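Note sheet for the following structure.
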Amino acid sequence: MANKRNPRNLDRPVSFWLNKELFWEKNRVEDCVTIILRTKGCHWYEKAGCIMCGYNVESDKHITQQNVLNQLDFVRKELEKFNKFPKIVKVFTSGSFFDSSELSNETRSEFYVFVEEIGAEKLIVESRPEFVKNAKEVFGRDFILEVGVGLESANDFIRNKIINKGFTFESFSEASRFLKDNGFSVKVYLLLKPPFISESEAIHDAVASSKILIERGLADLISLNLMNIQSGTEVERLWRRGFYRPPWLWSAAKVLKEVKEMNGLIISDPVAAGKRRGPCNCGKCDNKFAEGIKRFSLSQNSRELNVRCECKEWWEDYLLAEEISRLPVTFRGRS
């Protein structure tokens, strides 16, 4: 089933698609349907917002809970039409699945029923730490629940002074412990290369953050998000002025390999890889690199990241040069 992206219709999700997902709890790869809901939007965006997030552009204040249920019904009918009933369901909003101002208790309950009706074995959602206690409503359901939390960095300064996430590492830790103590899986999103830090500092922060999560048992799964430039964000304004460059794919591979060596479970979906607004290398090896990262995320085999290209030397030089310049630098015509 192809990725179906809908124009602004309040009764249709922003997008949904089928792909493969690592079902790590059962050590296998399964079909997964990913649903991007159109909702009222993230409550944190209304207060302050994260520096890199442009997802709220798809939200609409006029959306009702019935609109959201109509979106779910649309996906249900599409799956039935193509006779596709995946074992994993991912439901993303522009904010938090467990925020009752975005999705009511009754609406969330309909999603749980949907998961069970199609015979799925796992539901993946996202939430800010302050809302995760609503996960207790999943008790007794016949599927595994995985909750993703966008920690971005274990460093409070990077997370709150640079990214502007609006919560402490301690509040995240409490949320993670609550979820794990109640039998739910915890996925933690880390951001590779927030603005205002160099490429090498970004690599170090991602690896150091992963180490803390693994040693303290706060994450079952780490998802490395490679910065891409989203419209209308502070990061886009920096990028347009030449003050920011998305991370190199070499940097992503380095982080993935080092975390894997710690016996950590880590995945990454290199969104917009090879494009001007996404993580990239020289342009020649980008597609091969992105595919390798996707394969690694399913297999956890680090050999998938062993791509050869002359631009590895450029990347190594870039790491040194950016430490001095503190601004993006250009190598061989590509910054």
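The values are calculated or read from the model by the stated rules, or taken from the named source; none is laboratory data. The shown structure was predicted, so the numbers you read here are calculated from the model rather than taken from an experiment. Here the Cβ positions follow ideal geometry from the backbone for every residue, glycine too, while neighbour counts run over all protein chains shown.
Is one or more of the residues making up region 106-119 in the same structural domain as Tyr244 (by TED's automatic domain parsing), of a type in the set (A, V, I, L, M, F, W, C) and surrounded by fewer than 16 Cβ atoms within 10 Å (Cβ to Cβ)? Within region 106-119, not a single residue is in the same structural domain as Tyr244 (by TED's automatic domain parsing), of a type in the set (A, V, I, L, M, F, W, C) and surrounded by fewer than 16 Cβ atoms within 10 Å (Cβ to Cβ). In region 245-262, is there at least one residue being of a type in the set (D, E, K, R) and either in contact with a Pro (Cβ under 9 Å, 6 or more places away or on another chain) or more than 26 Å from Ala219 (Cβ to Cβ) (or both)? The answer is yes; a qualifying residue exists. In the same structural domain as Val235 (by TED's automatic domain parsing) and surrounded by 21 or more Cβ atoms within 10 Å (Cβ to Cβ): is that true of Lys161 in this structure? No.
Name every residue in region 73-97 that is closer than 29 Å to Lys165 by Cα and in contact with a helix residue (DSSP H, G or I) (Cβ under 9 Å, 6 or more places away or on another chain), in order of residue number. Please lay out each step first, then the result.
Filtering region 73-97 for residues closer than 29 Å to Lys165 by Cα gives 88-97.
The answer is Val89, Val91, Phe92, Thr93, Ser94, Gly95, Ser96, Phe97.
On inspection, Glu258 qualifies as charged (D, E, K, R), touching a helix residue (DSSP H, G or I) at 6+ places or on another chain (Cβ under 7 Å) and modelled with pLDDT of 95 or more.
Check Arg303, Arg277 and return the single one that is over 18 Å from the mean Cα position of the chain (by Cα), assigned by TED's automatic domain parsing to the domain that holds Leu221 and more than 16 Å from Leu221 (Cα to Cα). Explain how you work it out, then say what you get.
Numbers: Arg277 fails: over 18 Å from the mean Cα position of the chain (by Cα).
None of the others qualify; the one that does is Arg303.
Is it the case that Pro246 is in contact (Cβ under 8 Å) with a residue 12 or more places away in the chain and farther than 27 Å from Ser171 by Cβ? Before you say what the answer is, go through the steps one by one.
Working: in contact (Cβ under 8 Å) with a residue 12 or more places away in the chain: yes; farther than 27 Å from Ser171 by Cβ: yes.
It is true that Pro246 is in contact (Cβ under 8 Å) with a residue 12 or more places away in the chain and farther than 27 Å from Ser171 by Cβ.
Phe196 meets the stated requirement of being modelled with pLDDT of 95 or more, surrounded by 14 or more Cβ atoms within 10 Å (Cβ to Cβ), within 24 Å of Asn225 (Cα to Cα) and more than 20 Å from the chain's Cα centre (by Cα).
Scanning region 144-177 for residues that are in a loop (DSSP other than H, G, I, E, B) and without any contact (Cβ under 8 Å) to a residue 40 or more places away in the chain turns up Phe167, Thr168.
Each residue in region 81-92 was checked for being farther than 19 Å from Glu126 by Cα, free of Cβ contacts under 8 Å to residues at least 60 places away in the same chain and not charged (D, E, K, R), and 2 of them qualify. Working carefully through the options Glu46, Glu78, find the one that is touching a residue at least 24 places away in the same chain (Cβ under 8 Å), charged (D, E, K, R) and assigned to a helix (DSSP H, G or I). Answer to the selection: Glu78.
Results for (1) part of a loop (DSSP other than H, G, I, E, B); (2) at pLDDT 95 or above, shown as yes or no for each residue.
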residue	(1), (2)
Val33	no, yes
Gly41	yes, no
Asn67	no, yes
Lys90	no, yes
Ser96	yes, yes
